[in-house]
Amino acid sequence: MASHLNGKFHHPRHCITLSEIVKQDSLTSKMGMWLFLFSEILLFAGLFLLYSVYRSYYPDYFHTGAKELNLYFGFFNTVILLTSSLTMALSVDSFEKNLKSTRMLLLATIVLGVVFLINKYFEWSAKISHGIYPLSDILSNAPSGLRIFFGLYYAMTGLHGLHVAAGVILLLVALIMLKKINHVWIHNAGLYWHLVDIIWIFLFPLFYLIT
Amino acid sequence: MSRLFVNTWLYLIALTLLTVTVASIKLGFLSVAVALIIAGTKASLVLMNFMHLRFEPKVLKAMFLFAISTIVIILILTFIDTALR
């Protein structure tokens, strides 16, 4: 049946075969996902723009602020997210070949995402216990350059953290419905996860490596 | 495929170590440029390999280029604006 529908023999040139329709459909689904990702990139680009302009206004305070951040947290979280992107890519790749390894790799990605968030929790807790958070006594009396640095730090890593949390939920849904979803579904979920990784790739040097 | 992904991951980790090492060297203004070039390289690796962009049809690649160019133009114009104020 499939070979008949895929066959070139029974169809005049202007006819679209079923496999072509499926191909078109998966392309448009991917396009929709990419359009959404562009809007996400634009969202973060706005924040990066704010960061860049304020950093050029207050370079010294940005350096002082960055010294307060823990490089090890930043570095390990980078490694964790990069590794989770690898497991995600491998998971998507194995989807139509070996569903069991897809499930295991998806689970690994979710676990790594959760570990990232736990690290973030400890990192933020340490900052907050030192009295460094928006509107705290220390920051309220600090120079505006420092206030802006930590405001951007909390806003940008916080928004990114929310995206990681959303990604974890999305991948959990994929894991639960793994037998019902198709290749494009998991591919698009993977695209989202990789985008979150890319945003962190830029956040890491801009906040942790400017001392 | 899995080989490509594992190699991509190795490059990404190597570039992360590189960017941490380079950051400890005092390069002044250049250090920002170097950090952004390394981050850009890492992002391209993820886009091309993990996100399959290199295997996608031209129309998707064009869409991506269009979106990124728009953002880069906005960034450059704003930098010019704030620098000359």
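The values are calculated or read from the model by the stated rules, or taken from the named source; none is laboratory data. Bear in mind that the values here come from a model prediction, so they are computed numbers and not experimental data. Neighbour counts are summed over all protein chains in view; Cβ atoms, including those assigned to glycine, are modelled from backbone coordinates with ideal geometry.
So which of A:I169, A:I210, A:I201 ends up being surrounded by 17 or more Cβ atoms within 10 Å (Cβ to Cβ) and in a helix (DSSP H, G or I)?
Unique residue meeting the criteria: A:I201.
Sort out which residues of segment B:11-33 are exposed (fewer than 14 other Cβ atoms within 10 Å of the Cβ) and more than 15 Å from B:S44 (Cα to Cα), and write them in order of number.
B:L17, B:T21, B:S24, B:I25, B:K26, B:L27, B:G28, B:F29, B:L30, B:A33
Among the numbered criteria (1) away from chain B (no Cβ under 14 Å); (2) closer than 26 Å to B:L53 by Cα; (3) among the hydrophobic types (A, V, I, L, M, F, W, C), which single criterion is violated by A:A189?
Failing condition for A:A189: (1).
Could you grab the pairs with beta carbons closer than 8 Å, sequence gap of 6+ or different chains, first residue in segment B:29-45 and more than 8 Å from every other protein chain (Cβ to nearest Cβ), second one among the hydroxyl-bearing types (S, T, Y) and surrounded by 12 or more Cβ atoms within 10 Å (Cβ to Cβ)?
Pairs that qualify, where the first residue is more than 8 Å from every other protein chain (Cβ to nearest Cβ) and the partner is among the hydroxyl-bearing types (S, T, Y) and surrounded by 12 or more Cβ atoms within 10 Å (Cβ to Cβ), are B:V34/B:T19; B:L45/B:T8; B:L45/B:Y11.
Could you tell me whether A:I132 is outside any helix (DSSP H, G or I) and surrounded by 18 or more Cβ atoms within 10 Å (Cβ to Cβ)?
It is true that A:I132 is outside any helix (DSSP H, G or I) and surrounded by 18 or more Cβ atoms within 10 Å (Cβ to Cβ).
Which condition number does B:T78 fail, the rest of (1) facing chain A (nearest Cβ under 7 Å); (2) surrounded by 16 or more Cβ atoms within 10 Å (Cβ to Cβ) being met?
(2)
Output the number of the condition that A:S136 fails; it satisfies all remaining conditions of (1) away from chain B (no Cβ under 14 Å); (2) closer than 30 Å to B:E56 by Cα; (3) out of contact with any helix residue (DSSP H, G or I) (no Cβ under 6 Å at 6 or more places or on another chain).
(2)
Which condition does B:T8 not pass, out of (1) exposed (fewer than 12 other Cβ atoms within 10 Å of the Cβ); (2) assigned to a helix (DSSP H, G or I), if it passes all the others?
Here B:T8 clears every test but (1).
Say we look at segment A:16-60 and pick out the residues that are facing chain B (nearest Cβ under 9 Å) and touching a Ser or Thr at 6+ places or on another chain (Cβ under 9 Å); which of these is surrounded by the most Cβ atoms within 10 Å (Cβ to Cβ)?
Per the stated criteria, the residue is A:F38.
Write out, first by first residue and then by second, each pair whose Cβ atoms fall under 6 Å of each other, whose residues are 6+ apart or on separate chains, and whose first residue, in segment A:74-99, is of a type in the set (D, E) while the second is outside any helix (DSSP H, G or I).
As it stands, the answer is A:D93/B:M1, since those pairs meet every condition given.
Give me a count of the residues in segment B:47-72 that are facing chain A (nearest Cβ under 7 Å), part of a helix (DSSP H, G or I) and over 16 Å from the mean Cα position of the chain (by Cα).
Of the residues in segment B:47-72, 2 are facing chain A (nearest Cβ under 7 Å), part of a helix (DSSP H, G or I) and over 16 Å from the mean Cα position of the chain (by Cα).
Does segment B:55-74 hold any residues that are in contact with a helix residue (DSSP H, G or I) (Cβ under 6 Å, 6 or more places away or on another chain) and more than 15 Å from A:L191 (Cβ to Cβ), and which are they?
B:I71
Being under 16 Å from A:M88 (Cβ atoms) and among the hydroxyl-bearing types (S, T, Y) is the filter; apply it to segment B:1-16 and report the residue that is farthest from the other protein chains (Cβ to nearest Cβ).
B:T8
Please tell me if A:V196 is over 16 Å from the mean Cα position of the chain (by Cα), assigned to a helix (DSSP H, G or I) and within 14 Å of chain B (Cβ to nearest Cβ).
The answer is no for A:V196.
Are any residues in segment A:69-127 touching a His at 6+ places or on another chain (Cβ under 6 Å) and at the interface with chain B (Cβ under 10 Å from one of its Cβ atoms), and if so, which ones?
Hits for segment A:69-127 are A:S85, A:V92.
Kindly check whether there is at least one residue in segment A:64-73 that is within 20 Å of B:W9 (Cα to Cα), among the hydrophobic types (A, V, I, L, M, F, W, C), in contact (Cβ under 8 Å) with a residue 24 or more places away in the chain and part of a helix (DSSP H, G or I).
yes
Have a look at B:L75, B:L17, B:L30 and point out the one that is at pLDDT 95 or above and part of a helix (DSSP H, G or I).
On inspection, the qualifying residue turns out to be B:L17.
Which one of the conditions (1) in contact with a Ser or Thr (Cβ under 7 Å, 6 or more places away or on another chain); (2) more than 15 Å from A:L170 (Cβ to Cβ); (3) surrounded by 17 or more Cβ atoms within 10 Å (Cβ to Cβ) does A:H63 fail to meet, given that it meets all the rest?
Of everything listed in (1) in contact with a Ser or Thr (Cβ under 7 Å, 6 or more places away or on another chain); (2) more than 15 Å from A:L170 (Cβ to Cβ); (3) surrounded by 17 or more Cβ atoms within 10 Å (Cβ to Cβ), A:H63 misses just condition (3).
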